[in-house]
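See structure below.
The values are calculated or read from the model by the stated rules, or taken from the named source; none is laboratory data. Predicted model, so just to flag it, every value in this text is computed and none were measured. Note that each Cβ is placed from the backbone with ideal geometry, even for glycine, and that neighbours are counted across all protein chains shown. For the accessible areas, the whole protein counts, side chains as well, though only heavy atoms, and no ligand, DNA or RNA atoms are used. Shrake-Rupley method; radii C 1.70, N 1.55, O 1.52, S 1.80 Å.
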Amino acid sequence: MKAKPPVARSPAPLALLRGLALFRNVDDEGLRILAAGARLVRVQSGELLFPRGAPCTGFHVVVQGLVKLSLQSAEGAEKVIDLVGPGRSFGEA
């Protein structure tokens with residue numbers, strides 16, 4: 001029987017927010033308020049986070065891995081807009 005690989009512990013939301021350039025000038029109290037509303041979401045490779053045209057319901061920060069932001073043309077071709085890695089955010093609109 002194979003041993004499962006160790007699961008990396010995710011940093012606390014406060015530590016994640018503190019490390020983002022976007023929040024560099026936010027004081028500790030402001031970061032605590034933001035972190036209180038944060039939640040960690042794990043997704044599988046290839047999983048759709050939200051469909052095109054869906055209303056923005058949150059602010060996303062990548063902790064581990066990459067998130068591909070892309071659009072699909074009417075012909076079905078994929079157009080990659082960006083690859084977002086650890087410490088970067090998306091969905092700020």
Going through segment 78-93 in order, the residues found to be assigned to a loop (DSSP other than H, G, I, E, B) and open to solvent by 60 Å² or more (accessible area, probe 1.4 Å) are PRO86, ARG88, GLU92, ALA93
Can you say whether GLU47 is modelled with pLDDT of 90 or more and open to solvent by 100 Å² or more (accessible area, probe 1.4 Å), as far as the supplied structure shows?
no
Residue ID - modelled with the highest pLDDT, chosen from residues in segment 52-77 that are more than 25 Å from PHE23 (Cα to Cα) and surrounded by 10 or more Cβ atoms within 10 Å (Cβ to Cβ):
SER70
All positions within segment 51-82 that are within 12 Å of the chain's Cα centre (by Cα) and of a type outside the set (S, T, N, Q):
GLY58, PHE59, HIS60, VAL61, VAL62, VAL63, GLY65, LEU66, VAL67, LYS68, LEU69
Just for segment 25-40: of the residues that are over 18 Å from the mean Cα position of the chain (by Cα) and part of a loop (DSSP other than H, G, I, E, B), which one is surrounded by the most Cβ atoms within 10 Å (Cβ to Cβ)?
VAL26
